1. On each of the three principal axes of the Cα atoms of the stretch A:94-196, give max minus min coordinate, whole Å, ordered largest first.
2. Loop-only check: which GluC sites (Glu not before Pro) in the stretch B:173-280 are DSSP coil with at most 12 other Cβ within 10 angstrom?
3. Helix A:315-342 versus the longest principal axis of chain A: what angle, 0 to 90°, nearest 10, using Cα atoms?
4. Which angle between 0 and 90 degrees, to the nearest 10, do you get for helix A:452-462 versus the longest principal axis of chain A when only C-alpha atoms count?
5. Viscosity 1.306 mPa s, temperature 10 °C: what is the translational diffusion coefficient of chain A from Stokes-Einstein with a Kirkwood Rh over Cα pairs, rounded to a whole number of µm²/s?
6. For chain A, with the dipole built from +1 on Lys and Arg beta-carbon atoms and -1 on Asp and Glu ones, taken about the Cα centre, which of A:Thr309, A:Leu419, A:Phe287 lies farthest toward the positive end?
7. Give the calculated FRET efficiency between A:Met451 and A:Leu231 to the nearest 0.05, with a Förster radius of 35 Å applied to their Cβ-Cβ distance.
8. What nm distance separates the two modelled labels at B:Asp91 and A:Glu306, each placed 7 Å from Cα along Cα→Cβ?
Amino acid sequence: MSSHDMNHETVQNGEDQHMDSTGATAVDAVNAGMSAPSDGEVDRVYLAQGGDWDEIVAAQGERGDETIVVNMGPQHPSTHGVLRLILEMDGETVTSLRPGIGFLHTGIEKNMEFRTWTQGVTFLTRADYVAPIFNEVAYCLAVEKLLGVTEDIPERANILRVLMMELNRISSHLVAIGTGGMEIGALTVMTIGFREREMILDFFEAVTGLRMNHAYIRPGGVANDLPEGGLDHLRRVISWLEKHLPEYGIFCNENPIFKGRMHVAHLDLTQCFALGVTGPVLRATGFPHDLRKSQPYCGYETYDFEVKTWDTSDAYGRFRVREAEMWESLKIVKQCAERLEKTTGQPVMVEDPKIKWPAQLTVGPDGQGNSHEHIKHIMGESMEALIHHFKIVTEGFRVPAGQVYQAIESPKGELACHLVSDGGTRPYRAHLRDPGFHHLQAAPMMCEGSMMSDVVVAVASLDPVLGGVDR
Amino acid sequence: MSSAPQDPARPSDNVSPTTPAPDAPATEKVTSPEAAPKEGVERGDARASDTTHTDNLPQRGLPTETVDSPMVADTQALRTRQGMWGTGSGDTSGYGGMVRHVEMPTNSERPYGGWFDAVADRMEALVPGFSAGRTIVDRDEITFFVRPEKIIELARALRDDAELRFEMCPSVSGVHYPFSEGEELHVVYHLLSVTHNRRIRVELALPEGADGHPHCPSLVSVYPHVDWHERETWDMFGVIFDGHPALTRILMPDDWEGHPQRKDYPLGGVDVEYKGAVVPPPSERRSYS
């Protein structure tokens, strides 16, 4: 690697961007000896827009520069959204990588401070939009802990939460495997991945009314019970998944090209703990850490499933962990289906009328909405019921002052919600600890010293979703 | 207020057998020879901070000397509320004269219950005087308020000691309490011990200061993974983490002015108009106090 006063050039794709000060990260401290981004002057900027590579190569060849700074993203198909990677390259070797984030920052946390506790779900579900149910559950468990009603959540509500989470875990892993495969040329993995995910999203749509951004999990329970024929629909999804999930193993597990591309992005157990990495990345080092087992919530301790691990500490191991976890999730989903059959007709929302949403939703001729019985009751029969409905819907409920931290095991790792209440009807402070945000810090350690093409595999193996990263 | 974990089946109820009885007075434990750290025995494998290799860690901007920070009060006052309605319209509820003082959960008395006492004793034995005077046990979670000048030493002990072993700091969040005089900005570290399956919260209560940018030491040298979390807290709340290797904005653009998640920073938004009716943006609608 050349000295840092060497001339620098920048290759950019897309719009003109200034070099920002993403700077050295803590990973440098751990990874001392690797070169850090230098402060050298950028005296030449190339704008790559496709079809002009010959000119860039020719111009660069004449100059003979040794360090090239490549801006990968924020508009790049393999960055899983608007992620910007700033790479310093020595030929094809990455000497320094700094992720730049914030392009999808929408102020979810700030917005939640101006809405009621129930409305907060509507915002949080849009954070990690590939696994929206998990955002909702983490938040609602935190609200319930603040309210002190964790023990009062009906059994059927917890079963529905577990069912939705585990189906969502499968669909999230399918996206991780599918897009990760697509990026290394295994296009079929993507097409079949989205095919299976579509079956799950159809079920989500039947239950919640939406394919994503559900706002289905609410403080106190869930928004509504399974629709008519919901269990039959669920069984169709289960048999579909049982038939098609083996295809991923057949396509990939022993595929020499797949394995050749995936045995990169090494991160062993020590590195994982230094970087606070959890989820499939940690389990791919052989360490069976799973919050569903160690700090169970929603009754996970009553389900029969295993924590799957792998021992290669690389992108291939993470793929195998995700693949095995989909089977474990399917196992839980089947147990949920049995329990849902047994608990038919039981409540799905806490009993306390000061907390629970006043009405369940039903499907009418014009779509999902309040049930006719409820409208008839509040509009025609009971003035008190109307006042109550109005108070709960517009003002919301009050939550005693205090703070809690609630962590759950999302498909990507530890997803947590830190909530502070000042005794009012709105969250005083809501903070979402998104695993993708945390894990992107590990990208430099996984990529520096490797090839540029392996950066794509490394980032895909972390499975960041920028909606959650930037919030 | 102090509700400690009671259920022995809780997986996190993991009391170390070498810990003194939880009902013994706290002050006695600190000075008693049993609890005092002995080289290589009681300290487990915790390393003294002077023997730690720091030559590859960022040194820039480290505070040169430490000044004792003031203790915090037993109770944090949140705000005083009047009537039923907040901003947006006159209070016609008939309760306009009602005045309420809202406080956070107050300082808890010993015993804290469960493994909380063992952890608190061990922390006090390894880093005497770390507490800023408030420890809250609330909703089965424990929060230690820590003097900023002790936080690095304490974090190192929390991470390295065999009986504590909080290997990870999964999350850092800032909270802005503009009505809590003398402790307007809080930095909250959530720690996780995978070994003992425990979680604790370590909180810094910082005065806003003249320029609105309080300083506190960065924990990047102990937990490298708090890097981005501290950058986010700087970005959103304006807390300056001394010793952080690159304390730059992370979610907002580099040239952004202000710190958006402070309470005095407006949410913004525009009126929504539909068929002549106007709905103001969320921050200007009527709220309930």
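No value in this document is a laboratory result; all are computed from the given coordinates. Computed from a predicted model, the values in this text were never measured in an experiment. Counting neighbours? That spans all protein chains shown, and the Cβs are built from the backbone with ideal geometry, glycine included.
1. On the principal axes, the stretch A:94-196 reaches 49, 33, 22 Å in Cα extent.
2. Values: sites: B:Glu181, B:Glu183, B:Glu184, B:Glu203, B:Glu208, B:Glu230, B:Glu232, B:Glu257, B:Glu273; in loops: B:Glu181, B:Glu183, B:Glu184, B:Glu208, B:Glu257.
Here the GluC sites (Glu not before Pro) that fit, given the DSSP loop and packing criteria, are B:Glu181, B:Glu257.
3. Taking Cα atoms only, the helix is inclined about 10 degrees.
4. 20 degrees
5. Details: Rh = 23.9 Å.
The calculation lands on 66 µm²/s.
6. Checking the options against the dipole of chain A, the answer is A:Leu419.
7. Working: r = 49 Å, r/R0 = 1.41.
Given R0 = 35 Å and the Cβ-Cβ separation, E is 0.10.
8. 6.2 nm
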